[in-house]
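Asker: Below you will find the structure I want to go over with you.
Where a number appears in this text, it was derived from the coordinates with a stated rule and is not lab data. The structure displayed is predicted, hence computed values, not measured ones. Please note: Cβ atoms are built from the backbone with ideal geometry, for glycine as well, and neighbour counts cover all protein chains shown.
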Amino acid sequence: MRDQIVAGNWKMNNDHRETEILLNALAVHSKPKDVRVMVAPSFTQLSQSIDLLKNDSIKVVAQNMNAAASGAYTGEVSAAMLKGVGVTTVVLGHSERRSLYHENNSSLSEKVKTAIAEGMEIIFCFGEQLEERKTDRHFEVVKDQLSEALFALPEAAWEHIILAYEPVWAIGTGETASPAQAQEMHAFIRSLIVERYSLSLANEIAILYGGSVKPSNAKEIFSMEDVDGGLIGGASLNAEDFMAIVNAF
Ligand code: 13P
């Protein structure tokens, strides 16, 4: 049985006070035992979040990290720094990092290598732009993203990886991929893993869907055979909405 996962990507939202309010509101809800629940606050709120969730099963995740161990990288945060405050999972490759901060498959493959060497778990994001879907290149784009950033890894390294398919046109737009579109892509991703690695690995890897997941559509999306949960942006900023999504399996 694959892990079922719901992760909230807070992006650049929630200061100290807002983090306290939201996490306290999440903490009062009981969590389903068979769903891994995660939140990804800003770097500045990681320690605070770990402290506030110390008696809760919600896991605190970072939104990014640098590939280097240390050095002259102003404004950056290393894997060791994250682990030092108790964070062992990191989101890598989010489309906003790719489009706004010029991350690409090649630089991401370095981050992935570092994270794995440091024993961290990775939520690896990828997905096509609107133009690429309109011109029917979405499968090719996703294949390239995975091949270039991840497919040089040995099979054993994949125990550290969670995949998150996030079609860029569905992020923050209110336009969700249809459950059929999500299923079609997730099945394609699994077929790529069969081709490159093995059927057993393909069956074990959790593949999350991200892009305008809300309480109103989560159940239908999560009911798809190859969708193992969601990476949630906007709706993760509201405790009731996020918990409704967590309970949508
Ligand atoms: P929205 O849920 O706001 O569309 O964001 C999705 C996302 O980017 C999660 O990483």
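Asker: What ³J(HN,Hα) values, in whole Hz, does the Karplus curve 6.51 cos²θ - 1.76 cosθ + 1.60 give for the range 38-53 when θ = phi - 60°, with x put for Gly and Pro?
Answerer: 9, 10, 10, x, 5, 3, 5, 9, 5, 4, 4, 5, 4, 5, 5, 9
Asker: How much of the pair distance distribution for the range 208-249 lies past 15 Å, counting alpha-carbon pairs only, in percent?
Answerer: The answer is 26 percent, as a whole percent.
Asker: What is the extension gain from Asn238 to Ser99, computed as 0.36 nm multiplied by their sequence separation minus the C-alpha to C-alpha distance, in nm to one decimal?
Answerer: Roughly 47.4 nm would be gained on extension.
Asker: So, by mean Cβ neighbours within 10 angstrom, what's the order for 91-103, 188-200 with the highest one leading?
Answerer: Answer by packing, highest mean first, reads 91-103, 188-200.
Asker: Note the direction-averaged projected area, equal to a quarter of the hull surface, for the Cα convex hull of the range 26-107, in nm².
Answerer: If I average the Cα hull's projected area over directions, I get 6.6 nm².
Asker: Hey, can you grab everything whose amide H is under 5 Å from the amide H of Lys59? Only 5+ residues off in sequence or another chain; H modelled, so Pro and N-termini drop out.
Answerer: Amide H neighbours of Lys59: Val37, Met38, Val39.
Asker: While we're looking at this one, here's another question. Among the lysines, which have Cα under 18 Å from the Cα of Lys134 when same-chain residues fewer than 8 positions away are ignored?
Answerer: Leaving aside lysines fewer than 8 places away in the same chain, those within reach of Lys134 are Lys143.
Asker: Quick check of the Kirkwood formula: for the chain, what is the inverse mean of 1/r over all pairs of different Cα atoms, in Å?
Answerer: 18.1 Å
Asker: Can you spot the lysines whose alpha carbon is less than 17 Å from Lys31's alpha carbon? Ignore those fewer than 8 places along the same chain.
Answerer: Of all the lysines, those that pass the test against Lys31 - Cα under 17 Å, at least 8 places apart if same chain - are Lys54, Lys59, Lys219.
Asker: Are there GluC sites (Glu not before Pro) in the range 136-171 that DSSP marks as loop and that have at most 14 other Cβ atoms within 10 Å, and which are they?
Answerer: In loop regions of the range 136-171 (DSSP not H, G, I, E or B), there are no sparsely surrounded GluC sites (Glu not before Pro).
Asker: Treat each spin label as a single point 7 Å out from the Cα along the C-beta direction, and report the Asp51 to Ala69 distance in nm.
Answerer: Distance between the two pseudo-spin positions: 3.0 nm.
Asker: Can you give the FRET efficiency for Ile21 and Lys113, using 1/(1 + (r/R0)^6), R0 = 41 Å, r = Cβ-Cβ distance, to the nearest 0.05?
Answerer: E(calc), rounded to 0.05, equals 0.65.
Asker: Also, I was wondering about something else. Using 0.36 nm times the number of residues separating Lys134 and Met81, minus their current alpha carbon distance, what extension gain do you get?
Answerer: Extra length available between Lys134 and Met81 comes to 15.0 nm.
Asker: While we're here: Can you list which of the chymotrypsin sites (Phe, Trp or Tyr not before Pro) found in the range 8-81 are DSSP loop residues with at most 15 other C-beta atoms within 10 Å?
Answerer: Here the chymotrypsin sites (Phe, Trp or Tyr not before Pro) that fit, given the DSSP loop and packing criteria, are Tyr73.
Asker: Same structure again: Using helices alone, I'd like the mean residue ellipticity at 222 nm for the chain: each DSSP H run of four-plus residues gives -39500 (n - 2.57), total over residue count, nearest 500.
Answerer: -12000 deg cm²/dmol
Asker: Taking +1 at the Cβ of each Lys and Arg and -1 at the Cβ of each Asp and Glu, which of Val39, Tyr197, His102 sits farthest along the dipole of the chain towards its positive end, judged by Cα position relative to the Cα centre?
Answerer: Val39
Asker: If amide H atoms are built 1.01 Å from N in the plane of the peptide, which residues on other chains or at least 5 residues away come under 5 Å of the amide H of Gly230?
Answerer: Ile5, Val6, Ala7, Tyr209
Asker: In nm, to one decimal, how far is the modelled label at Glu195 from the one at Asn13, with both set 7 Å along Cα→Cβ?
Answerer: That separation, rounded to one decimal, is 3.6 nm.
Asker: So for the range 171-249, what are the equivalent ellipsoid semi-axes in whole Å, largest first, each being the square root of 5 times an eigenvalue of the Cα gyration tensor?
Answerer: Sorted largest first and rounded, they come to 25, 12, 10 Å.
Asker: For Lys33, list the aspartates and glutamates whose Cα falls under 13 Å from its own Cα; do not include residues on the same chain fewer than 8 positions away.
Answerer: Output for Lys33: Asp3, Asp56.
Asker: For a bin width of 10 Å, list the pair-distance distribution of the range 107-231 built from all Cα-Cα distances, rounded to whole %.
Answerer: 13, 46, 33, 8
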